[in-house]
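These notes are about the structure you will find just below.
Only the coordinates and a few stated rules stand behind these numbers; no lab work does. Because the structure is predicted, anything quoted here is derived from the model rather than measured. For neighbour counting, all protein chains shown are included, and Cβ atoms are generated from backbone atoms with ideal geometry for every residue, glycine included.
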Amino acid sequence: MTDEPIILSAIDGRGVATVTLNRPAIHNAYNGALIDELTAALGALSSDSHLRALVLRANGKNFSAGADLGWLRRAADFTPAENLDFSLRTTRAVKALAELRVPTVVAVHGACFGGGVGLVAACDIALASEDASFALTEVRVGVLPAPIAPALDAAIGTRQVRRYALTAERFDAAEARRIGLIHDVVPREALESRTQDIVAALLLGGPQALAETKALIFAVAALALDDRQVESLARWAAERRASDEAREGLGAFLGKRAPAWVRERAT
Amino acid sequence: MADDTVPLRYADGEAVVTLNRPDVHNAFDDALIARLGDVLDQLARRSDVRVVVLAGAGKSFSAGADLGWMRRMAGYTEAENLADASRLARLMHRLDTMPMPTVARVHGAAIGGGVGLVACCDVALASTAAGFALSEVRLGLIPAVISPYVIGAIGPRAARRYMLTAERFDAGEARRIGLVHQVAEPDHLDALVKTVVDALKLGGPKALAETKRLALDVGGAPSEALRADTAERIARLRASPEGREGVTAFLEKRKPGWQA
């Protein structure tokens, strides 16, 4: 295995950064290391005074499979402190992306599940190709989408969260646009050019005006999370992940069998 | 009155308030803001007015801030800018909290503050010829005092796109994101307005007023503190180097420094 970075980050002469999820072999599923690299990349970029906009994209067939469930199952056996620490890092990464001071654009292709949906919701402007599909799959393995819940609620509203976070149904790009997760849907071959159109529009805005407009929206809609909220969300996710039900759900998924609560109903 | 910038027409419970500076696309300056505020204050006190319709004369609904006004603002101190922004904030609040139902008749372009007026009305109806943009950032400014109402109408998700990209969008998209409720061909806009006004007049006047207050209370109408905060934000930015450069470049019809 090569040492190819799992997060690629670059910034061009205009101040446009591109951050790429780069774990295509497992559909860009995230573990603690990917979360840490994403956080580090966002931190480095945000301290660059030339930064004007950020594009988030993914390499490979799919945008993101969400959390790496094999890794998550091991995390369930961590000490309570380690388990909480992982949820804190995840919650903070989503917060860092959502609250990045410059406008963010995400380009989604292929499947986007679980925490991947949270990354999309955290960006200011979301574009998807027609082949994109989405699902909030957490409940099917007995875990909780707590770290991404505020970003989701802000993007699609409580009404839609109540449906899709509970049913874990898969929905397509058109439905994602209807509920507000995605702003525009384009053919796969137009995704990159449409992303660059949005970036070009953003670069016409005054850099300070853009940062202040983003801060204004967060203030008016009360979107920013404080430390207490971050800690509370992380604790909730960690406790749920360490529960018997989550161990069963994650174990069943990895063992390619139905979890007990499905088998019970089927018999 | 021929030169009135905000003429009022009243008949049978329906008051039609028209922005009437068609030569400048009904852009607003301090005079129009004051006049529109006075007209709305008068209407708010009248028990015979059951519905208020807000319309624009000429080609556009409202182009937002007036050029001459912006030119004067460019020389303002932060304190003068704050007084100015506060007056616009009060106008938006006045329109948003009119005791009777309000209907926006959007027949043409609504830009910047014009979008704010649309968002402050209870029902917004647009022609397919209408176009919308939150263009402030292109001038180094922010859509500050209108933001509580615009975000209330379209939600933070659409706001994050259109307030940041300043892209223009059409009536169909405006309807999809919730800024306008219904769209009609230009020739059918007045018939659509009439349908909605007639429907509103079937409601009990006191029930309508209380239902509107209920909707504002439950939905979380912007607090006085938030309204003051948004005015302070724009006053600060207008007096900043980027805000001055953006407005000056626009007035001089050149690109601002950040686009070079």
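Please get the size of the charge dipole for the protein assembly as shown, origin at its Cα centre, with Cβ charges of +1 on Lys and Arg and -1 on Asp and Glu, quoted in debye to the nearest 20.
Details: 63 positive and 64 negative charges, 115 e Å.
It comes to approximately 560 debye.
How big, in percent, is the set of alpha carbon pairs in the range A:206-267 lying more than 18 Å apart?
Result for the distance tail: 63 percent.
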Label A:ASP12 and B:ASP38 with points 7 Å out from Cα along Cα→Cβ: what is the distance between them in nm?
5.3
Of B:ALA11, B:ALA44, B:ALA55, which has the largest mean-square fluctuation in a 10 Å C-alpha GNM of chain B?
B:ALA11
Whole-Å semi-axes of the ellipsoid equivalent to the protein assembly as shown (Cα gyration tensor, √5λ, descending)
45, 27, 20
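List, in the order given, every pair from B:LYS59/B:LYS253; A:LYS95/B:LYS212; A:LYS214/B:LYS253; A:LYS61/A:LYS95; A:LYS214/B:LYS255; B:LYS59/B:LYS194 whose Cα-Cα distance in the structure shown is over 29 Å. Let's see the in-between values first.
Values: B:LYS59/B:LYS253 22 Å; A:LYS95/B:LYS212 35 Å; A:LYS214/B:LYS253 26 Å; A:LYS61/A:LYS95 26 Å; A:LYS214/B:LYS255 23 Å; B:LYS59/B:LYS194 21 Å.
Correct reply: A:LYS95/B:LYS212.
Can you list the trypsin sites (Lys or Arg not before Pro) in the range B:1-57 that are in a DSSP coil and have 16 or fewer other beta carbons within 10 angstrom?
B:ARG45, B:ARG46
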Projected onto their principal axes, the Cα atoms of chain B stretch, largest extent first, over whole-Å spans of 55, 42, 37
What whole-number distance in Å separates the alpha-carbon centres of the range B:218-232 and the range A:59-94?
38
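Nothing charged except the Cβ atoms of Lys and Arg (+1) and of Asp and Glu (-1): what's the magnitude of the dipole of the range A:1-131 about its Cα centre? Round to the nearest 20 debye.
Numbers: 11 positive and 14 negative charges, 40 e Å.
Rounded to the nearest 20 debye, it is 200 debye.
Divide the volume of the convex hull of the Cα atoms of the range B:88-198 by its number of residues and quote the answer in cubic angstrom per residue. Walk me through the numbers on the way to the answer.
On the way: hull volume 9.1 nm³, N = 111.
Per residue, the Cα convex hull of the range B:88-198 comes to 82 Å³.
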Tell me, how many Å apart are the Cα centres for the range A:200-219 and for the range B:90-115?
24
Assuming a viscosity of 0.692 mPa s and a temperature of 37 °C, what translational diffusion coefficient in µm² per second does Stokes-Einstein assign to the range A:1-61, Rh being the Kirkwood radius over Cα pairs?
272
Say we join alpha carbon atoms closer than 10 Å with springs in a Gaussian network model of chain A; which of A:ASP48, A:ASP68, A:ASP124 then has the biggest fluctuation?
A:ASP48
Given the options B:VAL183, B:VAL53, B:VAL39, state which has the largest fluctuation in a GNM of chain B using a 10 Å cut-off (strictly under) for Cα springs.
B:VAL39
Binned at 10 Å starting from 0, the alpha-carbon pair-distance distribution of the range A:150-267 in whole percents comes out as 10, 23, 31, 23, 10, 2, 0
Dividing the Cα convex hull volume of chain A by residue count, how many Å³ per residue is that?
134
Given charges at beta-carbon only (K, R positive; D, E negative), |dipole| of the range A:22-95 in Debye
300
